[in-house]
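Okay, so here's the structure we're looking at.
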Amino acid sequence: MNKYALSVVAALAFLLSASAIADTEVDNICKDAQLWTKIVDQVCWSCFTEGFSLMGVGNKPDGASDNNPFCLCNDNLGVPFAGTKLSYFAPTRIIETVRLPWCSPTLGGITLQDDYIGMGTVNASKGKGFWNSHYFAFPLMEMLEILYIDCHQDGYMDLDLMYLSEVDPTWNNDLLALMLSPEAILFATPLAQPWCASDCALISADAAPESTFGCAGCDGHLYPFTGNIKGQTDNVAQSSLIAQRMISSLHRKGLAKKTMGENNVCEAQYAAFTPRSQYKFSMIYPRAEASAETGTGSCCHPMGQSTNLWCLPAGGRMRPGMEDAVYMLWQFKECCLTLGTGD
C-alpha cells in the first residue's frame, strides 16, 4: 500500500512539474508588447496630421473626395444640413499576428485559452508560415481624452477584442476561404503578376492606388484570406501580409466599412474590396515605428510598402524569438461637420 501511495505521489509530482514547465514555455513564447506602459513612445503621433484636411485644404490619399469644402447630408431624423468637410487619419484598431494560438501580446502576453490546436509556424528561409491574428478596437484619441470628433464613430470607446482567427473556420482552410473570395482565382493567374509587381513599386513610393485592390504591395499575395503564407522569405513582410488579409477578410464579411470617398462623407458604407488608401500601418511591437526618421520621412506607412523603407530604419528586422508583431491601424476618415449649432 505504501508503495502504491508513493507511486501516486510521484506521478502527481511529475504531472505538476511538467505543467509548470509547459506554462513557463508558453509564457516565454507569448510576449508582452507593453502597450500601456510605453503608449507615448510607441505611437506615431505625426500620422494624424498627414492626411488632415479642412474645408478642402490639405493632403488627401487616392480615392478621397474632391476638394469642394462644403457638403450636404441628412441627420439621424432625415433632416438635411449643410456642413464642411473634415478628413484625417485616426488610430482606430490594433492588429496582432502571432504563432501561438490565443496568445495576445496586446493584453500583456496572456493566452486567452489553453488550446494550442492550429499552432503557427514560421519558416522564412523557405518562404512559408502560418499565423493567427487578432483584431482589437483601439480608439486611442478617445481613450486618452485627447480628441473626440463625431466622424464615423462606431460606438467603441475603449479597448475591445473584436475578432479572433482561431474561431474562424476559413482562416486555416484555403478552400473554405475561396468560397468567401472566389476572385482569388483571377489574381492567382500569371497575368496578374505584372499588375501586382507594379503595385509594389507604387506602394513603396507612398502612392497607394485604389485600382490594384487585389494586390498586397511588396508583402506577397493577398489571396487567400487565410493564415497560410507561401513565397515570402521576410518575417516582417509575412506579419504585415497577415494584417492585410485580416482587414480584407473583415471587409468581405461586412465587419469593416469604407469611411472615405465622395459617397461616404455622410455615412460609412459596406465595401467588399478593401479601400487600400484608407489605411496605414505603424508597428507597435517588437520594434516601435514611432519616429519619422525613415526612408519615407514618415513613421506610418501604406499597407504593403517595402520593409526596406520602414522596418530597417525602425530598428531592423525581427530577431529569432521575436516574430510576433503588433500593428496600429490608422484609418482615413472623411465626414461632414455641421455649420450650425444643432439647437
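The values are calculated or read from the model by the stated rules, or taken from the named source; none is laboratory data. Worth saying up front: this structure is predicted, and the values here are computed from it rather than measured. Cβ sites come from the backbone with ideal geometry, for glycine too, and all protein chains shown count toward neighbours.
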Check: Are any of the residues in segment 188-204 touching a residue at least 40 places away in the same chain (Cβ under 8 Å), closer than 22 Å to Val98 by Cα and small (Gly, Ala, Ser)?
Finding: no
Check: Just checking, how many residues over segment 93-130 are in contact with a Ser or Thr (Cβ under 9 Å, 6 or more places away or on another chain), at pLDDT 90 or above and either on the phi < 0 side of the Ramachandran plot or not in a loop (DSSP other than H, G, I, E, B) (or both)?
Finding: 14
Item checked: Contacts under 7 angstrom Cβ, first residue in segment 287-304 being among the acidic types (Asp, Glu), partner at pLDDT 70 or above, 6 or more apart -> Glu289/Cys44; Glu289/Ser282; Glu289/Met283; Glu289/Cys299; Glu289/Trp310
Next item on the list: Could you tell me whether segment 220-239 includes any residue that is farther than 15 Å from Met303 by Cβ, part of a loop (DSSP other than H, G, I, E, B) and free of Cβ contacts under 8 Å to residues at least 60 places away in the same chain?
Entry: yes
Notebook entry, point to check: Limited to segment 190-230, what total is found for residues that are at pLDDT below 80 and over 23 Å from His251 (Cα atoms)?
Noted result: 3
Checklist line | Among the candidates Asp66, Asp62, residue that is loosely packed, with under 12 Cβ neighbours inside 10 Å and either touching an Asp or Glu at 6+ places or on another chain (Cβ under 7 Å) or within 30 Å of Glu166 (Cβ to Cβ) (or both) | finding: Asp66
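For (1) at pLDDT below 95; (2) buried (at least 21 other Cβ atoms within 10 Å of the Cβ), each residue gets a yes or a no:
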| position | (1), (2) |
| --- | --- |
| Asp234 | yes, no |
| Ser239 | yes, yes |
| Gln244 | no, yes |
| Ile247 | no, yes |
| Leu255 | yes, no |
| Asn263 | yes, no |
| Cys266 | yes, no |
| Gln269 | yes, no |
| Pro275 | yes, yes |
Check: What about Asp32, is it at pLDDT 90 or above, of a type in the set (Asp, Glu) and not in a helix (DSSP H, G or I)?
Finding: yes
Notebook entry, point to check: So, in segment 160-186, of the ones that are in contact with a helix residue (DSSP H, G or I) (Cβ under 8 Å, 6 or more places away or on another chain) and hydrophobic (A, V, I, L, M, F, W, C), which residue ends up surrounded by the most Cβ atoms within 10 Å (Cβ to Cβ)?
Noted result: Trp171
Item checked: Lone qualifier among Leu222, Leu241, Leu250 - being more than 26 Å from Ala205 (Cα to Cα) and either of a type outside the set (S, T, N, Q) or in contact with a helix residue (DSSP H, G or I) (Cβ under 8 Å, 6 or more places away or on another chain) (or both) -> Leu250
Margin query: Among the listed residues Met246, Met260, identify the single one that is in a helix (DSSP H, G or I) and not small (Gly, Ala, Ser).
Written below: Met246
Next item on the list: Six or more apart or on different chains, Cβ under 8 Å: which pairs go from a residue in segment 55-84 that's modelled with pLDDT under 85 to one that's surrounded by fewer than 15 Cβ atoms within 10 Å (Cβ to Cβ) and among the charged types (D, E, K, R)? Could you list them?
Entry: Gly56/Asp66
